[in-house]
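This report refers to the structure that appears directly beneath it.
The values are calculated or read from the model by the stated rules, or taken from the named source; none is laboratory data. What you see is a predicted model; the values in this text were computed from it and never measured. All Cβ positions, even for glycine, are placed from backbone atoms using ideal geometry, and neighbour counts span all protein chains on display. Surface areas here come from the heavy atoms of the whole protein model, side chains and all, with no ligands, DNA or RNA. Shrake-Rupley method; radii C 1.70, N 1.55, O 1.52, S 1.80 Å.
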Amino acid sequence: MVIAIDPELNQLSKEECERRLETFEGRIARGDKVEPTDWMPQEYRNQLIRLIHVHANSEICGALPEGKWIPHAPSFKRKMALLAKVQDEVGHAQLLYRAAETLGASREQMIEDLISGKSKFSNVFHYPADIWTDVAIIAWLIDGAAIVNQMMMSDGSYGPYSRALKRICYEEAFHLKHGYEMVVTIAQGTKMQREMLQDSLDRWWPPIMMFHGPADKVSKHTSMLVQWGVKLKTNDEQRQQFLRQFVPKMLDLGLKIPDPNLRLDKETGDWLYTEPDWDEFKRVINGGGPVSGDRVATRKLAHEEGRWVREALSAAAANQPIPMPTMTV
Amino acid sequence: MIATMETLNDLDAPTKSAVIDLLYRLADDAIIIGHRGSEWTGFAPILEEDIAFSSMAQDDMGHALTFYQMLHELGEPDPDTNVFGRKLEQWKCASLVSLCSKRDWAKSLVRKYFYDVAESLRLESLAQGSLVPLAQLARKLSSEKKYHLMHGHMWMPRLGQGTDESHQLMQDAVDTLYPHALGMFESTGADDLLDQAGIFLREDELRKRWVAAVDKVLGESSLKINAKASPVYGGRSGKHPDDLATLLDGMQLVYKLDPSAKW
Ligand SMILES: [Fe+2]
Ligand SMILES: [Fe+2]
């Protein structure tokens, strides 16, 4: 499928549009990275801003279900590791906001859009983390699913986003290790611990199966992003890669995957599964999930509570620079 | 001339229990302030501060852990049992570090700053002290503390002088927390022994140094202190505000499901 770009949106003649698009697509085909000062179709810019913005929102909102459990972590090791992990996720948001800024988006506006409910975030963070073992499942399987997506995107065509993702993936590898180690420890624990873990998996499995987005036959955003080398695999391909990587490990640990239709197709090596409920997915990412409202409200409250601090900082910066007080200790 | 003690085994019984008392105060203050700091992860006024508070909280928890490990070497319970299994009245932290359950940026900053100045002075004193393992540890930890102090020194004048609103909120925080900060220097039965053994300065001496350092920075930040404020004591002998009780209930929640379980 060939995508034409809109002359009006790009403020160019039809001929100029076609000429530039050909060069642009030629560069992408050669594997060149697109850099902020390069010409790019407005459509590419808009789609990327949308994509990076949703990704940044997801990192920020993703900090909430896990962050909630930092005060309750049951050992020094877990407490410090979980704190470091959630800190990383906030750092990812910061990196992604910067990548989006190179395309002309503003951080302040992106945060406003998140807390007014205008922009979206990943479906999985619309669900609550009710018990400690949820934190293990999240760090292992959701970070695992995210790595599949982000590794693929890190080879994408837009330079700043691809570089941010490389760094993010490097840190995500630690999250995955931390998650897997927790799951393994709990799976080898007492009956109560194993039941808690299974309960977590039962609740998180359906949202995790939706994580990579609607099935290819219904996904509307995919084609343009694929054509311009932002997205190198389809949603279903990513889901399949995730299943191949994680299902055998889950079964090894004695976990029961709550899908009666899940089985391996020996010929293709693919996992067959019950098609996720895409109506639920749509409802959830549009703010109709179990804790969608809470997530947005929490971010909004934090933003508003911090307003006086940001105002004081800009006031202080506008007055002459305040010298650092003399350090006597 | 004070003799140096190369290992923890060189401590005689009374000095050993004074060191244990001191280590509990250091460790308990550090884990609780770290816990409070970690409450900002995901909620700070700017993303940069989410990250700064999280990393300082990790340092503070890390410091606590090394103190608890030393306590374990001295025959006390292992760090996890100590932190996640200990009862409220067995804690020895000052009220300052546990106060203010509600998210309040001004109080959190001031609380952290007051603590960091005290902690730096304590580490400095330990680093020059006669108990070698503790002196070595203190030197290592104080290099990390420098960043914490810089962070406080960056924020105090910016918020103290930023806007009328920020000035007022910071002044309220100082008014509320200053008496509790003085309470960090509550003297205990260990003071004389530690001083005589050359391990650690007396609390009243540390307090003098702390007041001088803090007064100067607050003055440069347009914040006033109440010179007549009297210290809030009790933490060092196990009398704590409700904030600590609530904090411990939360912190020990999962651990207490089954203290023998590994998570
Ligand atoms: Fe992340
Ligand atoms: Fe992660």
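At a glance:
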quantity	calculated
Single unsatisfied condition, A:L165 versus (1) within 12 Å of ligand 1 (Cβ to nearest atom); (2) over 23 Å from A:K33 (Cα atoms); (3) aliphatic (A, V, I, L, M)	(2)
Positions within the stretch A:62-93 being within 11 Å of ligand 1 (Cβ to nearest atom), open to solvent by less than 30 Å² (accessible area, probe 1.4 Å) and more than 7 Å from chain B (Cβ to nearest Cβ), in sequence order	A:G62, A:E66, A:K85, A:E89, A:H92
So A:L21, is it more than 16 Å from ligand 2 (Cβ to nearest atom), open to solvent by 10 Å² or more (accessible area, probe 1.4 Å) and more than 14 Å from chain B (Cβ to nearest Cβ)	yes
Subset of the stretch A:43-61 (residues that are surrounded by 22 or more Cβ atoms within 10 Å (Cβ to Cβ) and away from chain B (no Cβ under 14 Å))	A:Y44, A:L48, A:I52, A:H53, A:H55
Out of A:L48, A:L21, sole residue that is more than 26 Å from A:D113 (Cα to Cα) and either more than 16 Å from ligand 1 (Cβ to nearest atom) or of a type in the set (D, E, K, R) (or both)	A:L21
Any hit, the stretch A:127-139, residues being surrounded by fewer than 23 Cβ atoms within 10 Å (Cβ to Cβ) and within 16 Å of ligand 1 (Cβ to nearest atom)	yes
Enumeration of residues in the stretch B:210-229 that are of a type in the set (G, A, S) and open to solvent by 80 Å² or more (accessible area, probe 1.4 Å)	B:A227
The one condition in (1) at pLDDT 95 or above; (2) more than 14 Å from chain B (Cβ to nearest Cβ); (3) under 19 Å from A:P290 (Cα atoms) that A:S116 fails to fulfil	(1)
Of the criteria (1) buried (at least 20 other Cβ atoms within 10 Å of the Cβ); (2) under 25 Å from B:A261 (Cβ atoms); (3) not aliphatic (A, V, I, L, M), which one B:E76 fails	(1)
The stretch A:168-180 residues that are open to solvent by 50 Å² or more (accessible area, probe 1.4 Å), paired with ones that are more than 8 Å from ligand 2 (Cβ to nearest atom) (beta carbon under 6 Å, 6 or more apart)	A:Y180/A:W140
Selection within the stretch B:104-138 - open to solvent by less than 20 Å² (accessible area, probe 1.4 Å), among the polar types (S, T, N, Q) and free of Cβ contacts under 8 Å to residues at least 60 places away in the same chain	B:S120
Residues (open to solvent by 60 Å² or more (accessible area, probe 1.4 Å) and over 15 Å from the mean Cα position of the chain (by Cα)) located in the stretch B:194-209	B:D195, B:Q196, B:R202, B:D204, B:K208, B:R209
Failed item in (1) open to solvent by less than 60 Å² (accessible area, probe 1.4 Å); (2) modelled with pLDDT under 95, with B:V232 passing the rest	(2)
Matching residues in the stretch B:246-263 - criterion: being surrounded by 14 or more Cβ atoms within 10 Å (Cβ to Cβ) and touching a residue at least 60 places away in the same chain (Cβ under 8 Å)	B:L247, B:L248, B:M251, B:Q252, B:Y255
Matching option when the condition is crowded, with 16+ Cβ neighbours inside 10 Å, in contact with a Ser or Thr (Cβ under 8 Å, 6 or more places away or on another chain) and more than 10 Å from every other protein chain (Cβ to nearest Cβ), among A:M40, A:M110	A:M110
Some residue of the stretch B:139-155 being part of a loop (DSSP other than H, G, I, E, B), open to solvent by less than 10 Å² (accessible area, probe 1.4 Å) and aliphatic (A, V, I, L, M)	no
A:R20 farther than 20 Å from A:G104 by Cα and among the basic types (K, R)	yes
Members of the stretch B:225-263 found to be of a type in the set (S, T, Y) and away from chain A (no Cβ under 14 Å), listed by number	B:S230, B:Y233, B:S237
Spans of helices (runs of 4 or more DSSP H) in the stretch B:28-128 with at least 3 residues within 13 Å of chain A (Cβ to nearest Cβ)	B:47-73, B:79-85, B:105-127
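Okay, residues lined up against (1) within 14 Å of another protein chain (Cβ to nearest Cβ); (2) assigned to a loop (DSSP other than H, G, I, E, B); (3) at pLDDT 95 or above; (4) under 26 Å from B:K102 (Cα atoms):
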{"site": "A:L243", "(1), (2), (3), (4)": "no, no, yes, no"}
{"site": "A:I257", "(1), (2), (3), (4)": "no, yes, yes, no"}
{"site": "A:N261", "(1), (2), (3), (4)": "no, yes, yes, no"}
{"site": "A:E280", "(1), (2), (3), (4)": "no, no, yes, no"}
{"site": "A:V284", "(1), (2), (3), (4)": "no, no, yes, no"}
{"site": "A:S314", "(1), (2), (3), (4)": "yes, no, no, yes"}
{"site": "A:P321", "(1), (2), (3), (4)": "yes, yes, no, no"}
